[in-house]
Amino acid sequence: MIAGISYIGHGLRRPESVLTTSAGDVFCSHGARGVARIRPGGSQLALAPETQIGGLPVLANGIALRWDGGFLVANISDAGGLLELDADGMRLFHPCTDGDTAQPVNFVMLDPLGKIWVTVSSTFSPRSRAYNRQTANGYVATIEDGRFRVCAGGLAYTNEVRTDYEGGWLYIAETMGQRISRVRLDERGVHGGPEVFARMPRGAFVDGLEIDAEGGVLAACIISNELIRIDPDGGQTVIAGERDEAWVDEVEADFDAGDLGRRHLDTAPTNTLRNISSVAFAGPDLDRLVCGNLLDDRLPTLPAPVPGRAPPHWDVDVPIWGDAF
């Protein structure tokens with residue numbers, strides 16, 4: 001057990017993405033049922049019935065909380081698309097493409113201006129063809145007034161993004177590039193091309209991002225199972241980690257050989273951190289961290305070294321609905 005870590009939740013289905021509110025609720029992705037809600041007292045609700053899109057079960061990845069208390073859900077199944085979820089169920093919101101076929105969507109976020117940001121990790125089908133050091137066909141897009149627009153491309157398996165209007169940057173996790181990039185940002189949008197902000201340590205495949213009150217960037221990394229803070233000047237500190245060097249060596253060797261596959265992403269030789277994939281600040285003072293993950297059915301939580309910023313959805317009042325589990 002890593003010092004300071006406890007857990008919330010049980011029976012969660014691939015809780016990859018996590019959100020928190022000032023009411024003390026924690027929301028996470030929950031497989032084909034979209035989103036799970038963990039109440040302050042520990043009770044849990046699945047917010048949608050088992051749902052299929054395009055004949056395939058939904059596979060919820062990133063989630064975003066809307067101002068009306070509903071959700072947007074990034075569907076990373078091969079049916080793809082961005083979904084909306086409320087008390088009436090889950091359905092297609094936008095295909096996230098300019099073509100005829102919906103793309104598997106990795107992540108969705110609403111920023112403080114109400115703009116919707118989405119990421120598509122790769123235009124390849126299946127996406128596993130992009131599990132290498134050479135492919136860079138992921139992109140970041142926005143949806144405004146129903147219009148889909150790609151604003152940053154040529155990315156190495158795009159994962160989570162975060163807007164920092166105070167600092168003037170959009171931060172981008174490039175998982176297969178093992179780096180965090182950033183591009184200049186203001187209220188009008190992004191300007192110029194991405195630059196490298198941080199190269200991650202060997203074995204650290206960055207998946208999730210968050211920004212703290214000092215402008216530091218938190219990176220949740222699969223394979224190395226590390227939560228790393230990068231300060232505004234680029235210095236890196238491991239906040240929590242369960243690195244298995246033999247596993248890192250094996251994965252990196254297969255990555256070098258072009259043989260990275262689901263067998264590497266769907267297992268981990270760890271007990272405490274099971275491929276942590278996202279992070280959110282929680283608690284009245286935003287001084288705790290809750291981590292999403294790919295392989296556990298619960299969420300690790302631990303003290304934050306630096307408090308967080310209140311996310312745009314922090315004070316959204318989410319109505320009570322769903323099935324207890």
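The values are calculated or read from the model by the stated rules, or taken from the named source; none is laboratory data. Computed from a prediction, not measured in an experiment: that's the story for all the values here. We place every Cβ from the backbone using ideal geometry, glycine too, and count neighbours over all the protein chains shown. The protein model used for the area step is the full one, side chains on, heavy atoms only, and it has no ligands, DNA or RNA in it. Shrake-Rupley method; radii C 1.70, N 1.55, O 1.52, S 1.80 Å.
Per-structure values
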| read-out | value |
| --- | --- |
| Gap separating the Cα centres of region 252-266 and region 109-171, nearest whole Å | 23 Å |
| Region 186-325, relative contact order [Cα under 8 Å, separation at least 6], % | 19 percent |
| Equivalent ellipsoid semi-axes, region 1-68, via Cα gyration tensor eigenvalues times 5, rooted, Å | 23, 15, 11 |
| Of 187, 160, 210, the one that fluctuates the most in a GNM where the chain has Cα springs shorter than 10 Å | 187 |
| Carbon + sulfur, % of accessible area of region 200-325 - ligands and nucleic acids excluded, 1.4 Å | 47 percent |
| Distant-in-sequence amide H partners of residue 206 (H built 1.01 Å from N, under 5 Å) | 178, 179 |
| Debye log10 I(q)/I(0) for the chain, one point scatterer per Cα, at q = 0.09 Å⁻¹ | -0.40 |
| With DNA, RNA and ligands ignored, accessible area of residue 131 (1.4 Å probe; Å², nearest 10) | 10 Å² |
| Accessible area per residue, Å², the chain with all protein chains present, probe 1.4 Å | 38 Å² |
| Highest average packing first - 304-311, 288-295, Cβ atoms within 10 Å | 288-295, 304-311 |
| Solvent-accessible surface (1.4 angstrom probe) belonging to residue 243, in square angstrom, nearest 10 | 70 Å² |
| Backbone N within region 268-286 under 12 Å of label point (7 Å from residue 250 Cα along the Cβ vector) | 268-270 |
| Spin-label proximity, residue 166 to region 223-241 - amide N less than 20 Å from point 7 Å beyond Cα toward beta carbon | 228-237 |
| Simple spin-label estimate for residue 186 and residue 257 in nanometres, 7 Å along Cα-Cβ | 5.1 nm |
| Computed [θ] at 222 nm, helices only, for the chain once each DSSP H run of length n ≥ 4 contributes -39500 (n - 2.57) | -1500 deg cm²/dmol |
| Label-point separation in nm, residue 287 to residue 236, each point 7 Å along Cα→Cβ | 2.9 nm |
